[in-house]
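So the structure is just underneath, and the comments pick up after that.
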Amino acid sequence: MSTPATDYLPPESTTDVARMVMALMSEVWIARDRQIVTEYLLETKGSVTRAELDDFVPTGELAEAIAAERQRFANLVAGAPLAARQRSVAQILERAGMARPGTSTSGS
Amino acid sequence: MTFLTRLDDGSLKQGHAPSFALSQRGRAGLEILGAIQTFSSGTLRPVAAATFATSPQGEALSADHAAEHPALSQRERIAKARTVCEDDPVYRLERFFQRYVAEENFNRGIPAIEERRAQFLAYDAAMENAAGEAGDAGAETGSLTLDEGLEIPRYYARVEWHLEPGGWDGYDLYGALFAFGVGPYVFSKGGYAAVGIGDDIVNQRVKTIAQFPKDSYARIYEPGCGGVSTLKAVHGRFPEAELTGADLSPLLLENGARMARRFGFPVHLKQADCAKASGEADASYDGVITYALHHELPPKANRALLAEMFRILKPGADIVLADPPPFRAVSMFHAVILDWDTHHREEPFFSAVLHESLEAMLAEAGFTQIESYPLGQDQYPWITRARKPDTPSHQEATR
């Protein structure tokens, strides 16, 4: 009698597992975006309702700040495999949106 | 075919200004797709391209691709190059993200617009009223002619273009989805299919219209117009021109008619299979424009379409085509990237057309003064333009 397989997913499932990770990434970002909007409305208005959050469309500096944070988030999560290969201090800081003081961000 | 990527632009007719937007969840869910696509094409793809270019096999294939007399056929080269690319996990990851975003544009986008259906319909009605109130009395108006008996070609009916569920007519709010969701939050970032990173197809369309060589045109025709995105750009450059567009999709044409009213320019939209019969008179147009159409037609249909355009153009008239570049015009690595769309983004004729030459097809149809060249990065859009000879004898001599 053979032992039941404990590798429940075949290798072909890797892509579907990646889809699950990406779906989770999207959900985390949606929550993060909502958190940023909530903090903004609380700071500027003092209170916020669910409907105001649902209908709020960022503009101007807030939209730019969210876009930058969103791209940094995407780069970090989707770029995690790249981070395993590109591990210089400059590259690590660049991915975090920072520059190494006194050096180029493109060096190794 | 055309997508709307920006609806609330400054050229909307002034009047009441109702507004519409996705919910925070809908917006953020699509915005993150735009960011993933930007990372995929802007960061991962250059890494994969460099890996390919510096590998011995990639180097050899690239040299053969650029050779005047290559040893391998174009199809053989691309197949071998694809194998080299697929050995690179970074390439595989980049392609996975491309596919994932293409799927999620609809998986996320359809619920995002559906949850706002009532608000969108109210907005749409308000905009329609505003367009009616702002219309000039006596001004020329457009028209919409649908043909319920039109025989839809099989190559078109069975395809869910770009992974769009149900095809172009599969969901009544696809127009709103592109205008308020996928367009501004994903497509406008570029970096998908043949569109370069950071490129916006709205601006590319304007540059394409500028390729018409004359200063004015009385009548311009667009086969496969979809909505009116390209015709709107044509109107911007040639405001006096009478515009006609044709397409197989009734939904796209209906949306186009509404948008033309809203933008305040007359256009005649007709449902027709232009690869069979446009229904237009011989020698009745001064210009023909296409935008991102030919890669969505089988080569045989392209030849028939160009012959039909030759028939309806006046002697001396111009034709301007904008499509992805042929494989021969791009790097070996980018040929693999373009070829990928055929199998992974529901573009069944993409590679077949990129292997061919629109220049040769135009010559077969009888056009002369044929030239082709790129307008933007990654050779996209690729322009092919020509002229119908201005004398019958010249036409015969060129056949």
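Values quoted throughout were computed directly from the atomic coordinates according to the rules given, and no laboratory measurement underlies them. Since we're looking at a predicted model, the values are computed, not measured. Virtual Cβ from ideal backbone geometry, glycine too; neighbours counted across all protein chains shown.
Here the stretch B:24-398 is treated as a Stokes sphere of Kirkwood radius computed over C-alpha pairs; at 20 °C and 1.002 mPa s its diffusion coefficient rounds to 98 µm²/s. Residue-normalised convex hull volume from the C-alpha trace of the stretch B:198-295: 108 Å³ per residue.
The slack in the chain from B:Thr141 to B:Thr54, taken as 0.36 nm per residue of separation less the alpha-carbon distance, amounts to 25.5 nm. Looking at the stretch B:221-299, the GluC sites (Glu not before Pro) that sit in a DSSP loop and have at most 11 other Cβ atoms within 10 Å of their own Cβ are B:Glu240. A Förster distance of 51 Å, applied to the separation of the beta-carbon atoms of B:Leu163 and A:Tyr40, puts the FRET efficiency at 0.90. Computed with the Debye formula from one identical point scatterer per Cα of the protein assembly as shown, without solvent, the log10 of I(q)/I(0) at q = 0.09 Å⁻¹ comes to -0.71. Counting Cβ atoms of other protein chains within 10 Å of each Cβ in A:70-82 and taking the mean gives 6. Exposed loop sites here mean trypsin sites (Lys or Arg not before Pro) with a DSSP loop assignment and at most 11 other beta-carbon atoms within 10 Å; chain A contains its longest site-free run at A:1-84. Close amide H pairs (under 5 Å, H built 1.01 Å from N) link B:Lys270 with B:Thr145, B:Gly245, B:Ala246, B:Asp247, residues at least 5 positions away or on another chain. Per-residue Cβ neighbour counts within 10 Å put B:Tyr123, A:Tyr8 in the sequence A:Tyr8, B:Tyr123, beginning with the fewest.
Sorting B:Cys85, B:Cys225 from the fewest to the most surrounding beta carbons within 10 angstrom yields B:Cys85, B:Cys225.
Counting beta carbons within 10 Å around each of A:Glu43, B:Glu59 and listing the fewest first gives the order A:Glu43, B:Glu59. Residue by residue along B:19-32, Cβ atoms of other protein chains within 10 Å of the local Cβ number 6 on average. Among rounded, prolate and oblate, which fits the stretch A:1-95 when a ≥ b ≥ c are the square roots of the eigenvalues of its C-alpha gyration tensor, a/c under 1.5 means rounded, and a/b larger than b/c means prolate? In terms of gyration-tensor shape, oblate. Looking at the protein assembly as shown alone, DSSP beta bridges between its own residues are antiparallel in about 40 percent of cases. When +1 charges are put on Lys and Arg Cβ atoms and -1 charges on Asp and Glu Cβ atoms, the dipole computed for the stretch B:41-125 relative to its Cα centre reaches about 120 debye.
Karplus-based coupling profile of the stretch B:145-158, in residue order and whole Hz: 10, 9, 10, 5, x, 4, 7, 7, x, 4, 4, 8, 5, 9, with θ = phi - 60° in 6.51 cos²θ - 1.76 cosθ + 1.60 and x standing for Gly or Pro. Checking every one of the trypsin sites (Lys or Arg not before Pro) in the stretch B:230-315 against DSSP loop status and a limit of 14 other Cβ atoms within 10 Å picks out B:Lys276.
Can you give the translational diffusion coefficient of the stretch B:142-248 in µm²/s, computed by Stokes-Einstein from the Kirkwood radius over Cα pairs at 4 °C and 1.567 mPa s? Roughly 81 µm²/s, to the nearest whole number.
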